[in-house]
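**Student:** Before I ask anything, let me first share the structure, which is written out below as structure tokens.
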Amino acid sequence: MASMGVSGGNGVINPQNDVTSASQDDPKQDLNQVINSIQKTLGLLHQLYLNVSSFNTGLQLPLLQRINSLVLELDNMVKLSEKCHIQVPVEVLNLIDDGKNPDGFTKDIINGCIAKNQITKGKTDSFKGLRKHLLEELDQAFPDEADSFREIRAASAAEAKRLAQAQSSLPNGDMKVKAEP
């Protein structure tokens, strides 16, 4: 795996940057490598904190080694992150900056979709009611034309269904997937 480290003396980790050994086209593996690099960087920062908090002149070399290890790992993280193309909405980052749970953003988006879906369903139901009412009025005012309209509409629907089946596609344009025997 990329960015594996070799343990040196006194708990110093010497990173080995091997970004090219990773799979070239696996986004999940790329993301896992970035996550591992972030975790490694956090570990290096913790070690650096421990060195700095108990610093004396005799520990200057291990401190410098840890700083160098951190710089190398940050460089490795940048190289790995260039292969990851993740888009995070600005609203999520603002929520995190405000100390709020970003799951609230997802909940708000889903609730908004549900509300829009209910509005659209209401409009669809209204149009169905209007269509039904218009057909009833058409039946009363022009009974012969209403029957002719229904026949034309049924023939048109049957033709559309036949064409859709002939093209092996669904009415919404998606292709049917044939089940393996």
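**Student:** Kindly indicate whether S69 is open to solvent by less than 80 Å² (accessible area, probe 1.4 Å), within 29 Å of D30 (Cβ to Cβ) and small (G, A, S).
**Tutor:** yes
**Student:** Inside region 1-60, can you point out the residues that are at pLDDT below 50 and open to solvent by 60 Å² or more (accessible area, probe 1.4 Å)?
**Tutor:** M1, M4, V6, S7, N10, N14, Q16, N17, D18, T20, S21
**Student:** Give me a count of the residues in region 77-115 that are open to solvent by less than 100 Å² (accessible area, probe 1.4 Å), polar (S, T, N, Q) and free of Cβ contacts under 8 Å to residues at least 40 places away in the same chain.
**Tutor:** 4
The values are calculated or read from the model by the stated rules, or taken from the named source; none is laboratory data. Since we're looking at a predicted model, the values are computed, not measured. Neighbour counts run over all protein chains shown; Cβ positions are idealised from the backbone, glycine included. Side chains are part of the model used for accessible areas, which takes the heavy atoms of the whole protein and leaves out ligands, DNA and RNA. Shrake-Rupley method; radii C 1.70, N 1.55, O 1.52, S 1.80 Å.
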